[in-house]
Structure formats: structure tokens, C-alpha cells
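Input: a single structure, listed below in C-alpha cells.
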Amino acid sequence: MTETEGHPPTPPIGAPVVEGPPPGPGAYCNFANIKYSGWDFAFDFAQQDTVFEEGSSIPKIVVFPIGRIMMSPRHARPFSALCVTPSKDWREQTLDLTPGMKP
């Protein structure tokens, strides 16, 4: 896959890109990468999973690209602010519900 095809760029070194099922409107994402320049921010989203190849006991990380969102700095700033409050609220609730968990 290439960026020119409208797909996210290659994931971290050593993680092969595997074509998975097409992402739906509620695709699960457990990997995000943010890149920026003086002109824009690029948010790449993917799903990472581990698989065992036949005959191997060593797991292999595979990445299913979900999509990329690009924004100007003007729009990325309020977007990042929108993520802070829910994240902070979640952390406070999770720490309260999980005995022994440290921040």
C-alpha cells in the first residue's frame, strides 16, 4: 500500500500490513500515530493484532489499516482539546474502580 492510494502509511518497522476486512463506521482501533508539519496534522488509525504462523511459537504483529484523517493546525488544536476531558474523566473513573492501580 502507498500513501498515494489514500491508505495510511506503512506502520512501525517490523509490523507487516495485512489486508483485513473493510473497516465499518465503528471499526475498532488500538493503534494511532500522529504526524505533523507546519501545514497539517495527519492522524493514522489501525488495528494491531498478533498471529501465530503455522509451526511457529513466536507471535507476529500484524496491522490492519483503518484510515487517515488530515487537519490543519487550526482544526487539530480544538480536536485535541475535545479528547482531553473524556480521557481525563475515564482515567479518574478507572483508577477509582481498579484497586491497586497507580497513575
Query - Rounded accessible area of Arg68 (nearest 10 Å², 1.4 Å probe) - result: 70
Query raised in the report: Using a simple spin-label model with points 7 Å from Cα along the Cα→Cβ vector, what separation in nm is obtained for Gln48 and Asn33?
Result: 1.1
Report summary line: Per the 1/(1 + (r/R0)^6) rule, R0 = 25 Å and r from the Cβ atoms of Asp40 and Asp89, FRET efficiency to 0.05 is 0.30
Query raised in the report: Accessible area per residue of the range 26-75 at 1.4 Å probe, in Å²?
Result: 73
Query - Amide H partners (placed H, <5 Å) of Phe31, local residues excluded - result: Ala46, Gln48
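The values are calculated or read from the model by the stated rules, or taken from the named source; none is laboratory data. Predicted model, so just to flag it, every value in this text is computed and none were measured. So basically every Cβ, Gly included, is an ideal-geometry build from the backbone, and we count neighbours across all protein chains shown. Keep in mind that these areas ignore ligands, DNA and RNA; they rest on the heavy atoms of the full protein, side chains included. Shrake-Rupley method; radii C 1.70, N 1.55, O 1.52, S 1.80 Å.
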